[in-house]
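Trainee: One structure is given below, represented as structure tokens, and several questions about it will come after.
The values are calculated or read from the model by the stated rules, or taken from the named source; none is laboratory data. This one's a predicted model, so the numbers in the text were calculated from it and none came from an experiment. A quick note on method: Cβ atoms are made from the backbone with ideal geometry, for glycine too, and the neighbour counts reach across all protein chains shown. Each accessible area value is taken on the protein alone, full model and side chains, heavy atoms only, with ligands, DNA and RNA left out. Shrake-Rupley method; radii C 1.70, N 1.55, O 1.52, S 1.80 Å.
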Amino acid sequence: MSATERTDVLVIGSGFGGAIPAYHLAAGGAEVVILERGPHLTAPDFTHDLRLGSYTRIVDLVQGDGITVVAGNCVGGSSVVYFAASLRAPGFVFDRRGSLGHRLWPSTLTRAALDPWYDRVEEALPVAEQSWDQVPYPGGLFAAACARAGRTCNPVPVAVDLARCTNCNWMLNGCHFDAKRSMLLNYLPAATAHGAEIRPLHEAQTIAPATTPGYRYRVSYTQLDAGDYRLPVGVGAIEAKTVVLAAGALATPVLLQRSAPLLGGVPQAVGRYFSGNGDRVSIADVDEGKVRDLLGLERAPGIPYQGFPIGKPIGSMSYDRLDPATAEFTRFSLQQIYFPGITDLLAQATDTPATSWFGVRKKEMRARWPSWLSVLAMTEDDNEGVFGPPPPTGSSTRVATSLCLSTLSYRPTANTLRGWAAADAEARAVLERDGLARVRPWSENPAGSVSAHPLASCRMGDDPATSALDERGELRGHPGLFVTDGSAVPTSLCVNPSLTIAALAERACPGIVESTAEAGVRVRYGAPAPR
Ligand SMILES: Cc1cc2nc3c(=O)[nH]c(=O)nc-3n(C[C@H](O)[C@H](O)[C@H](O)COP(=O)(O)OP(=O)(O)OC[C@H]3O[C@@H](n4cnc5c(N)ncnc54)[C@H](O)[C@@H]3O)c2cc1C
């Protein structure tokens with residue numbers, strides 16, 4: 001049996017939800033250890049090539065029943081692979097009632113209450129406003145189409161150092177130029193500067209009561225092989241006074257499900273109410289001639305800089321349908337987004353009799369790939385995702401380096417379908433006007449919608465029956481066990497979620513520090529934004 005280690009605070013996961021508490025706890029004087037399932041890579045490792053291994057070592061494709069989710073698997077979590085669109089959630093989101101018919105966010109949480117925490121994250125990352133000159137060609141094209149259709153469109157704020165950005169559009173590989181402000185550049189180095197220890201390739205498996213007096217939890221983990229994450233190469237356990245669980249919305253509930261017998265039960269909302277942020281992707285197959293004639297724009301031949309694959313992946317978006325006066329499930333944003341070629345297999349030819357990922361129709365669609373303008377709608381879904389019983393280890397069954405089978409089931413309700421239909425109609429109204437493009441939404445059939453924004457699977461709220469966490473982010477009935485990742489966010493947000501996840505993690509920190517101090521650790525809250 002391996003020896004048990006001890007630390008003041010154990011953080012599981014190193015994305016936004018893990019890195020932010022790790023920094024504040026370490027800066028406040030606590031001993032902090034971070035367990036991270038994925039490898040620790042930095043800018044020189046993030047290469048520009050289409051080799052499968054370049055993506056698969058840091059990005060997981062997680063296949064559930066009715067949904068496919070993309071997520072990061074490395075130190076820094078999804079912040080390393082994300083596209084850095086950094087937006088505050090609209091105020092109405094915090095009043096959402098969903099089909100349960102009562103307010104889903106804690107009553108203490110409003111947009112105004114979260115604004116000071118958004119301020120901190122925006123300062124720490126930092127977030128930059130793009131001018132139209134900095135928005136890449138497809139973002140300008142989408143904006144021009146919106147304007148022609150009588151809609152407004154805005155440059156998207158991004159957590160990118162615009163002076164360093166080369167517009168290479170390889171964000172999914174990790175940023176080779178350290179322009180994308182991932183957790184690798186701010187909270188994590190600041191945490192390690194204050195003594196926090198990051199352990200990559202360490203996958204937490206269970207959380208149980210501690211055996212050492214004065215300690216509250218014992219976390220058992222598996223060490224993973226760097227070349228094949230399916231292979232365990234060691235085991236161990238760490239006891240901690242406080243545990244911060246931030247393994248992401250696909251992993252946090254599964255870890256708690258597996259730990260439930262050891263912990264004497266977990267709230268029934270664990271593993272329920274998952275939201276894919278209402279993500280709905282469409283491919284607009286653009287007629288380049290109409291772009292020239294109707295919009296007065298042109299991709300100059302031989303100048304790849306003006307092609308769709310060049311630039312930052314997210315350039316512009318329309319907020320017109322984020323009207324708080326309209327009914328829930330009909331509000332959404334529409335965002336121009338670029339997906340690298342490797343994700344083409346997810347695109348579906350949905351205007352054929354049978355939706356197809358393969359075959360002639362898909363080949364015909366694929367042939368026009370250079371003219372695909374992708375549009376992401378972020379709608380109000382109905383928190384309909386549910387996790388089945390946990391697999392023996394990990395959060396899903398890893399069948400290949402980055403291909404995982406999850407027990408997550410997602411069957412969109414009529415409410416969600418209504419939102420997607422409204423978003424599809426709006427995308428068509430903007431982009432199909434006068435034959436500018438042909439819009440094909442990815443389907444919601446049982447093989448799946450696609451999301452890069454997993455949320456709400458261990459959510460906070462006031463109602464113990466439908467929320468696993470109290471308003472401080474503490475797991476009900478388990479003092480000193482906090483959840484600070486996307487799983488804590490109660491509902492879809494109608495915009496990209498990272499800034500809200502980060503702001504909620506910042507907001508949870510004073511409570512985590514207080515709880516840790518109550519457990520006998522000399523720690524205090526008050527560190528400035530990391531530099
Ligand atoms: C391709 C892509 C593009 C995106 N673009 C945007 C965007 O432009 N704007 C935006 O706002 N959002 C974007 N997102 C979403 C955003 O990145 C996520 O919502 C956010 O990073 C999630 O933060 P988190 O802390 O909840 O989880 P994560 O950042 O996913 O962190 C969880 C970490 O826990 C680790 N882990 C899991 N299980 C275990 C375990 N058992 N033990 C130890 N470690 C474990 C994982 O490896 C991971 O590193 C994008 C996501 C993707 C995948």
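Trainee: So which strands (runs of 3 or more DSSP E) stay within region 425-509 end to end and still have 3 or more residues that are under 20 Å from the mean Cα position of the chain (by Cα), away from the ligand (no atom under 14 Å from the Cβ) and among the small types (Gly, Ala, Ser)?
Mentor: In region 425-509, no matching strands (runs of 3 or more DSSP E) lie anywhere.
Trainee: Now for a separate question. Does THR393 satisfy being of a type in the set (S, T, N, Q) and farther than 30 Å from ASN154 by Cα?
Mentor: yes
Trainee: Can you find a residue in region 143-155 that is more than 22 Å from ARG88 (Cα to Cα), open to solvent by 50 Å² or more (accessible area, probe 1.4 Å) and not charged (D, E, K, R)?
Mentor: Yes - at least one qualifying residue is present in region 143-155.
Trainee: A follow-up question, please. Can GLY276 be described as touching a helix residue (DSSP H, G or I) at 6+ places or on another chain (Cβ under 6 Å), under 30 Å from PRO90 (Cβ atoms), touching a residue at least 12 places away in the same chain (Cβ under 8 Å) and surrounded by 15 or more Cβ atoms within 10 Å (Cβ to Cβ)? Give the derivation first.
Mentor: Details: touching a helix residue (DSSP H, G or I) at 6+ places or on another chain (Cβ under 6 Å): no; under 30 Å from PRO90 (Cβ atoms): yes; touching a residue at least 12 places away in the same chain (Cβ under 8 Å): yes; surrounded by 15 or more Cβ atoms within 10 Å (Cβ to Cβ): yes.
Criteria not met by GLY276.
Trainee: Taking the stated definitions as given, is ASP8 open to solvent by 20 Å² or more (accessible area, probe 1.4 Å), under 29 Å from ASN383 (Cβ atoms) and more than 16 Å from the ligand (Cβ to nearest atom)?
Mentor: Criteria not met by ASP8.
Trainee: Within the bounds of region 520-531, is there any residue that is open to solvent by less than 20 Å² (accessible area, probe 1.4 Å), within 15 Å of the ligand (Cβ to nearest atom) and closer than 21 Å to GLY13 by Cβ?
Mentor: No, the conditions are met nowhere in region 520-531.
Trainee: Of everything in region 178-202, what is of a type in the set (A, V, I, L, M) and out of contact with any helix residue (DSSP H, G or I) (no Cβ under 7 Å at 6 or more places or on another chain)? Give them in sequence order.
Mentor: If the condition is that a residue be of a type in the set (A, V, I, L, M) and out of contact with any helix residue (DSSP H, G or I) (no Cβ under 7 Å at 6 or more places or on another chain), then ALA179, LEU184, LEU185, ALA193, LEU201 are the ones that fit.
Trainee: Related question: Here are some residues: ARG103, ARG120. Which one is more than 15 Å from the ligand (Cβ to nearest atom) and either part of a helix (DSSP H, G or I) or buried (at least 22 other Cβ atoms within 10 Å of the Cβ) (or both)?
Mentor: ARG120
Trainee: Take the residues in region 61-76 that are part of a strand (DSSP E or B) and away from the ligand (no atom under 11 Å from the Cβ), then tell me which one is farthest from ALA19 (Cα to Cα).
Mentor: Filtering first and then ranking leaves ASP65.
Trainee: Can you work out which of the residues in region 312-331 that are assigned to a loop (DSSP other than H, G, I, E, B) and surrounded by 23 or more Cβ atoms within 10 Å (Cβ to Cβ) is nearest to the chain's Cα centre (by Cα)?
Mentor: Residue satisfying both the conditions and the ranking: PRO313.
Trainee: Let me ask something else. Could you look through region 170-202, keep only residues that are open to solvent by 50 Å² or more (accessible area, probe 1.4 Å) and at positive phi, and pick out the one that is farthest from the ligand (Cβ to nearest atom)?
Mentor: GLY195
Trainee: How many residues, within region 34-60, are within 18 Å of GLU203 (Cβ to Cβ) and within 11 Å of the ligand (Cβ to nearest atom)?
Mentor: The number of residues fulfilling the criteria is 10.
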